[in-house]
Amino acid sequence: RNYATYQPGPRNYAIYGIFEIKRTINLTQKWIPIEYPFYGTLEGNYYSINEMTIDIYGAGNYGLFESNYGFIQNLTISGLEIGAISAAYGSLINFGAFAGINYATISECELHNSSIILNSYYGSSLGGITGQSFSGGYISNCTVSSTCSLISSGWLGGITAYVKQSTVIGCKNQ
């Protein structure tokens with residue numbers, strides 16, 4: 001099942017639909033985070049996205065999606081790294097493998113064999129699954145077996161760096 005509709009959302013467009021991953025994906029080029037808010041369902045079917053590299057070019061949210069308002073489930077990301085960082089001093093960065101910011105559900109997702117180092121600025125967030133989780137966000141049964149390092153000041157967490165009015169349950173860092 002792959003269908004999408006682009007409908008007006010908080011930033012003029014949003015992604016709705018049901019998407020399924022049908023095989024392991026080996027990325028050969030740098031990943032550009034999906035910038036439109038994701039309101040759909042991403043079913044990973046327990047497959048993996050391998051060798052994802054994300055460059056940071058300024059303030060914002062970085063990950064597979066910039067922001068999640070839908071359901072991301074049953075997916076593994078392996079070999080994630082941050083490439084070039086060219087953000088101005090004072091830029092707020094939220095970084096997580098699956099979403100920079102989460103407002104909905106991320107379940108049964110894993111991050112493996114990754115070393116994420118963010119040389120950031122005051123107030124940035126770095127988490128293995130999501131940078132921040134807000135307003136009803138729900139992260140369940142996720143696993144991180146990777147290294148996350150934040151150089152400078154900000155928030156750092158294995159699963160998520162900052163939680164407000166959200167639930168994190170059954171997750172583990174290895």
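The values are calculated or read from the model by the stated rules, or taken from the named source; none is laboratory data. In this text the structure is predicted, and so the values were computed from the model without any measurement. Positions of Cβ are generated from backbone atoms using ideal geometry, with glycine treated the same way; all protein chains shown enter the neighbour counts. Note: accessible area is taken over every heavy atom of the protein model, side chains too, but ligands, DNA and RNA are not part of it. Shrake-Rupley method; radii C 1.70, N 1.55, O 1.52, S 1.80 Å.
Quick notes on this structure:
- Meets criteria (within 15 Å of Glu66 (Cα to Cα), modelled with pLDDT of 95 or more, open to solvent by 20 Å² or more (accessible area, probe 1.4 Å) and under 15 Å from the mean Cα position of the chain (by Cα)) for Thr130: no
- Filtered residue count, segment 133-174, keeping only those that are part of a loop (DSSP other than H, G, I, E, B), under 16 Å from Phe95 (Cβ atoms) and open to solvent by 20 Å² or more (accessible area, probe 1.4 Å): 3
- Checked against the criteria, Ala97 counts as part of a loop (DSSP other than H, G, I, E, B), among the aliphatic types (A, V, I, L, M) and modelled with pLDDT of 95 or more.
- Exactly one residue among Ile82, Ile34 is crowded, with 19+ Cβ neighbours inside 10 Å, under 15 Å from the mean Cα position of the chain (by Cα) and either at negative phi or among the hydrophobic types (A, V, I, L, M, F, W, C) (or both), and that residue is Ile82.
- Residue within segment 60-78 that is part of a strand (DSSP E or B), surrounded by fewer than 20 Cβ atoms within 10 Å (Cβ to Cβ), in contact with an Asp or Glu (Cβ under 6 Å, 6 or more places away or on another chain) and on the phi > 0 side of the Ramachandran plot present: yes
- Residue that is nearest to the chain's Cα centre (by Cα) [pool: residues in segment 117-127 that are over 15 Å from Asn68 (Cα atoms) and surrounded by 19 or more Cβ atoms within 10 Å (Cβ to Cβ)]: Leu126
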